[in-house]
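See below for the structure under consideration.
Any read-out appearing in this document is the output of simple, stated calculations on the displayed coordinates, not a laboratory observation. Keep in mind it's a predicted model, so treat the numbers as computed, not measured. As a convention, Cβ positions derive from the backbone with ideal geometry for all residues, glycine included, and neighbour counts pool all protein chains shown.
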Amino acid sequence: MKNLSKSFINLAKQAMALICISLLLALAWNHFSVSRIQYGYDYYPAIDPVETEPVTAKEVKPSRLVDWRGRGKISQVGFAEIVSNNDSEKKKWALVDARKDELFNESHIRGAMKFNRYRLAHDLPKVLPKCMAADLVIIYCQGGKCEDSHIAKKILKQSGLKSDNIVILEGGVKQWIENGNEVVK
């Protein structure tokens with residue numbers, strides 16, 4: 001019986017040593033990795049509730065396009081009007097794709113900038129200056145129950161953008177494609 005308890009104790013010591021070595025290797029790997037986990041960073045910020053109802057297709061008129069501030073969302077029709085009426089030299093809006101890299105590379109709306117919340121150190125320095133210069137920042141994700149656009153909005157607000165200048169494309173890229181609009185592959 002004593003040999004059995006000694007062998008169990010030795011086995012437990014070896015298991016603890018293996019766990020400690022594995023933890024140290026994992027921490028070292030994370031420290032030297034390019035896409036490392038940043039300790040203390042809030043990867044899942046709280047999502048603000050939608051402030052108001054989105055603009056509906058009946059409300060969208062060319063003169064109505066100026067009245068997007070404070071709505072929180074923009075309809076597919078409103079976005080299509082902005083895209084079709086936009087003078088490319090006087091671009092006053094920025095389009096942000098908040099989906100993962102694989103989905104962005106698969107297809108995205110023409111002119112969209114990639115903003116993967118899991119790669120903020122890489123994407124934020126590229127996206128933020130263009131968003132700061134824009135009068136309107138339109139963020140979209142896959143659509144449906146996808147919350148990436150809400151999280152991207154929160155991150156951009158925390159980075160200094162005014163909340164009134166950021167809207168979320170209602171229905172996301174999925175509804176954009178279903179409506180027969182163009183995407184880049």
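Before moving on, here are some points about what is shown:
- Listing 177, 139, 9 from fewest to most neighbouring C-beta atoms within 10 Å gives 9, 177, 139.
- Net length available on complete extension from residue 181 to residue 2 is 56.9 nm, with 0.36 nm assigned per residue and the Cα-Cα distance removed.
- Order of 113, 132 - criterion: other Cβ atoms within 10 Å of each residue's Cβ, fewest first: 132, 113
- Under 5 Å from the amide H of residue 166 lie the amide H atoms of 137, each residue being 5 or more positions distant or on a separate chain, with H modelled from the backbone and absent for Pro and chain starts.
- Radius of gyration, Dmax [segment 143-185; alpha carbons; angstrom]: 12.4, 35
- Segment residue 92-residue 162, length gained on full extension (0.36 nm per residue, minus Cα span): 23.7 nm
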